[in-house]
Amino acid sequence: NVINQFSRVAQNGRCSFFGNVALGSSISLVELRELYHVVVLAYGAESDRVVGIPGEDLKGVHSAREFVWWYNGHPDGRNLDPDLKNTDTAVILGQGNVALDVARILLRPTSELAITDIASHALTALEQSSIRKVYLVGRRGPVQAACTAKELREVLGIKDLYIHIKETDLKITPADEEEMKNSRIHRRIYELLSKAATAGPSQPSSGQRELHFVFFRQPDRFLESYDKKGYVSGVHLEKTGLKGIGSGKQIAIGTGQFENLSCGIVLKSIGYKSVPVDDLPFDNQKGVVPNLKGRVLSDNSGDPTSFENGLYVCGWLKRGPTGIIATNLYCAEETVASLSEDLELGVLASTTRLPKLGRDGLLQILDNRNVRVVPFIAWERIDKEEKRLGGLRNKPREKLTSWEELLKVAGSE
């Protein structure tokens with residue numbers, strides 16, 4: 001659906017698509033703003049938050065983003081090579097949608113994955129995987145789990161999967177009730193988890209894959225293996241409790257009690273982070289561009305009068321790495337409304353007075369720098385070839401996972 005929607009936009013005569021162009025290296029933000037009256041930044045979040053605890057650099061500790069790139073066939077993630085053979089246990093830190101998706105990939109039968117568009121190198125590794133137990137660790141309780149119902153149902157619906165949730169973790173307080181009263185999503189998540197806790201057998205059967213929801217725990221440090229120096233062997237977890245901070249919200253606080261959880265691989269799903277580019281106002285603490293309804297502010301002071309004329313932002317770069325596709329839709333509509341309003345109010349007065357070079361100027365700069373631009377017709381060639389290769393394997397598509405392959409197909413007539 002996303003491909004179909006964006007294809008209609010890209011095929012519109014008023015739209016130009018410049019693929020294989022990187023903001024900050026192929027072209028600077030200053031140059032773009034000189035070429036166009038309006039620039040909207042929507043490049044999302046392609047870095048990771050760090051936990052900031054000892055042992056984070058041990059081998060076997062990966063970010064969930066890297067892992068998602070790996071199994072989705074992103075060219076920059078194809079060489080991740082996670083070791084799924086030498087351990088039967090994986091720990092995922094976080095309980096949001098990305099964490100659930102990673103768990104789903106690790107636990108779903110590979111016969112089912114084989115008919116999806118998963119990258120072939122990832123499918124091969126998963127077919128040889130020894131992972132049988134996955135622990136999803138969250139700092140707070142089931143009421144505060146940060147996922148959505150659709151994604152949770154997908155994981156809970158994996159066939160022949162043993163689900164374990166401690167009964168004591170499902171006990172709710174008046175504060176939890178208040179949170180659920182204010183959020184239909186949180187109530188639905190809690191109901192799904194409660195049902196899953198009681199629906200299955202009390203013990204896994206021999207060889208059955210297991211998914212363990214671990215609530216009220218936060219990582220204190222990653223443990224190093226005695227046998228394999230430099231490799232992770234587990235996570236030292238601190239038990240937590242909830243503390244109300246008003247407005248029906250609760251945060252996790254450490255209790256000073258600890259326990260170890262053994263594993264051979266850790267996937268950190270604690271949040272994506274946007275990266276700044278030169279000459280862009282950026283709030284490093286929040287990992288977003290300071291803005292008011294999509295209008296970029298000149299600094300972090302919050303002064304609503306100090307706008308960067310003609311510069312706008314939307315998506316995760318605007319509001320942080322939260323929400324799903326529909327959330328980004330509303331976010332984009334707000335930014336476009338701000339842009340339209342500024343146009344009508346004459347804030348972007350230069351649009352009528354000063355002509356700008358636009359696409360012709362951009363193409364000239366990129367040509368001078370020998371940047372190979374991939375137009376939309378070339379993207380369509382990539383799309384067609386991936387579908388052709390997928391058809392040979394009974395898959396929707398077989399992704400091309402190297403820049404060389406992608407550019408070769410893009411250039412073939």
TODO: Apply 1/(1 + (r/R0)^6) to the Cβ-Cβ distance of residue 341 and residue 306, taking R0 = 25 Å, and write down the FRET efficiency to the nearest 0.05.
DONE: 0.90
TODO: Show me 187-197, 58-68 ranked by packing, highest mean number of other Cβ atoms within 10 Å first.
DONE: 58-68, 187-197
- [ ] Would you grab the residues whose amide H sits under 5 Å from the one on residue 291? Only those 5+ places off in sequence or on another chain, please, with H modelled 1.01 Å from N.
- [x] 297
TODO: Among (1) 0.99; (2) 1.02; (3) 0.95, find the value of Rg/Rh (Cα atoms, Kirkwood Rh) that was calculated from the structure presented, and write down its label.
DONE: (1)
- [ ] Using the Kyte-Doolittle scale, find the helices of the chain whose mean hydropathy is at least 0.0 and whose Cα atoms extend 24 Å or more along the helix's long axis, counting only whole DSSP H runs.
- [x] 325-345
Task: Stretch gain in nm, segment residue 116-residue 384, where the contour uses 0.36 nm per residue and the Cα spacing is subtracted - done: 94.8 nm
- [ ] Compute the length gained on full extension between residue 370 and residue 225: take 0.36 nm times their separation in residues and subtract their Cα-Cα distance, giving the result in nm to one decimal.
- [x] 47.4 nm
- [ ] Sticking with the crude label model, points 7 Å out along Cα→Cβ, report the distance from residue 202 to residue 278 in nm, one decimal please.
- [x] 6.6
Open item on the list: Given the -39500 (n - 2.57) contribution per DSSP H run of 4+ residues, what per-residue ellipticity at 222 nm results for the chain, rounded to the nearest 500 deg cm²/dmol?
Closed with: -10500 deg cm²/dmol
Task: Among 158, 92, 265, residue whose mean-square fluctuation peaks in a GNM of the chain (springs only between Cα atoms under 10 Å) - done: 158
TODO: For the chain, give the magnitude of the charge dipole about the Cα centre (Cβ charges: +1 Lys/Arg, -1 Asp/Glu; no others), in debye to the nearest 20.
DONE: 900
- [ ] Before anything else, pin down the relative contact order of segment 48-272: Cα pairs under 8 Å, at least 6 apart, normalised by residue count, whole percent.
- [x] 30
TODO: Collect residues whose amide H, placed 1.01 Å from N in the peptide plane, falls under 5 Å from the amide H of residue 224; neighbours closer than 5 in sequence don't count.
DONE: 233
Open item on the list: Leaving out ligands, DNA and RNA, and with a 1.4 Å probe, what % of the accessible surface on segment 1-130 is carbon or sulfur?
Closed with: 47
- [ ] Would you give the gap between the C-alpha center of segment 213-236 and the C-alpha center of segment 149-207, rounded to a whole Å?
- [x] 25
Open item on the list: I want to verify the translational diffusion coefficient of segment 265-413 in µm²/s; compute it with Stokes-Einstein, Rh as the Kirkwood radius over Cα pairs, at 10 °C and 1.306 mPa s.
Closed with: 83
Open item on the list: Tell me the relative contact order for segment 273-413 as a rounded percent, counting alpha carbon contacts under 8 Å between residues six or more apart.
Closed with: 14
TODO: Along Cα→Cβ, 7 Å out, is where each label goes; now give me the distance between the ones at residue 124 and residue 149 in nm to one decimal.
DONE: 4.2
TODO: Can you tell me the relative contact order of segment 214-317? Whole percent, Cα pairs under 8 Å, sequence separation 6 or more.
DONE: 16
- [ ] Give me the percent of the accessible area of segment 170-311 that comes from carbon and sulfur atoms, probe 1.4 Å, all protein chains in place.
- [x] 49
Open item on the list: How much length would be gained if the chain were fully extended between residue 255 and residue 393, taking 0.36 nm per residue of separation minus their Cα-Cα distance, in nm to one decimal?
Closed with: 44.5 nm
Open item on the list: Using alpha carbons only, how many angstrom separate the centre of segment 280-340 from the centre of segment 6-41?
Closed with: 18
Open item on the list: With a 1.4 Å probe and all protein chains left in place, how much accessible area per residue does the chain have, in Å²?
Closed with: 54
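The values are calculated or read from the model by the stated rules, or taken from the named source; none is laboratory data. It should be emphasised that the depicted structure is a prediction, and the values quoted were computed from it without experimental measurement. Neighbour counts run over all protein chains shown; Cβ positions are idealised from the backbone, glycine included. Heavy atoms of the whole protein, side chains included, go into the accessibility calculation; ligands, DNA and RNA do not. Shrake-Rupley method; radii C 1.70, N 1.55, O 1.52, S 1.80 Å.
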